[in-house]
1. If you go through region 57-79 one residue at a time, do you hit one that is basic (Lys, Arg) and touching a strand residue (DSSP E or B) at 6+ places or on another chain (Cβ under 6 Å)?
2. Yes or no: region 46-55 includes at least one residue that is of a type in the set (Gly, Ala, Ser) and farther than 25 Å from residue 5 by Cα.
3. Would you check if residue 22 is assigned to a helix (DSSP H, G or I), within 18 Å of residue 120 (Cβ to Cβ) and under 16 Å from the mean Cα position of the chain (by Cα)?
4. Hey, residue 143 hits all of (1) touching a helix residue (DSSP H, G or I) at 6+ places or on another chain (Cβ under 7 Å); (2) surrounded by 15 or more Cβ atoms within 10 Å (Cβ to Cβ); (3) modelled with pLDDT of 90 or more but one; which does it fall short on?
5. Residues of region 79-96 being in contact with an Asp or Glu (Cβ under 9 Å, 6 or more places away or on another chain) and more than 13 Å from residue 32 (Cα to Cα), which ones?
6. Failed condition for residue 94, given (1) part of a helix (DSSP H, G or I); (2) of a type in the set (D, E, K, R); (3) closer than 13 Å to residue 154 by Cα, with all others met?
7. Would you mention how many residues in region 97-107 are of a type in the set (Asp, Glu) and assigned to a helix (DSSP H, G or I)?
8. Touching a helix residue (DSSP H, G or I) at 6+ places or on another chain (Cβ under 6 Å) and over 21 Å from residue 103 (Cβ atoms), is that true of residue 25?
Amino acid sequence: MNTASSTLDSLDAVQQATVELTMSARRELHLYSPDLEPRLYDYPPFLSALRALAVSGGRAARIHILVRDSAPAVSRGHRLIELARQLTSFIEIRRLAEDSRERLDAFLVVDRRAVVHRLHWTSYQGTASPDDPVLARALVKEFDALWETASSDPELRRLHL
């Protein structure tokens with residue numbers, strides 16, 4: 001991906017941008033997806049890039065994920081949830097507070113600099129930029145406010161039988 005913003009208009013374009021930006025991550029990743037969209041985040045190249053960030057980023061690696069509803073992902077056996085269970089020191093998933101669930105967009109922010117942003121999470125229309133620190137910081141600020149009121153999701157706990 002070059003350094004200019006690009007318009008996204010298909011699943012393939014969003015997948016490619018998401019994987020490329022995740023592969024470029026060095027320290028942190030913030031992801032907001034209402035239901036962990038399996039076509040994007042249960043996608044093997046994305047999962048490989050996320051695992052690489054977690055294990056190669058050392059103690060500084062931090063991956064925070066916010067969801068509105070994890071039940072569909074849990075019932076489908078979403079591999080991102082399993083990865084988070086394996087790498088609890090690096091990946092944390094929280095559920096939005098009830099009063100924050102009206103949000104319609106979806107985004108991924110890498111190292112407070114690179115962004116994939118879709119104005120409506122059910123659409124593959126959006127933008128990707130490997131270098132937009134102004135938008136990245138604004139989205140992380142919103143994310144952090146939501147994170148503070150979010151909670152651990154009981155749906156994501158591993159059951160030991």
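The values are calculated or read from the model by the stated rules, or taken from the named source; none is laboratory data. Quantities reported herein were computed from a predicted structural model and do not represent experimental measurements. Quick reminder, even Gly has a Cβ in these numbers, built from the backbone with ideal geometry, and neighbours come from all protein chains shown.
1. Taking region 57-79 and keeping what is basic (Lys, Arg), we get 59, 62, 68, 76, 79.
Of the ones still in play, those that are also touching a strand residue (DSSP E or B) at 6+ places or on another chain (Cβ under 6 Å) are 62.
Looking for residues that are basic (Lys, Arg) and touching a strand residue (DSSP E or B) at 6+ places or on another chain (Cβ under 6 Å), one finds at least one in region 57-79, hence yes.
2. yes
3. no
4. It is condition (1) that residue 143 fails.
5. 79, 80, 81, 84
6. Just one mismatch for residue 94, condition (1).
7. Going residue by residue through region 97-107, those that are of a type in the set (Asp, Glu) are 98-99, 102, 105.
The next check asks that each one be assigned to a helix (DSSP H, G or I); those that pass are 98-99.
Qualifying residue count, region 97-107: 2.
8. Answer is yes for this residue.
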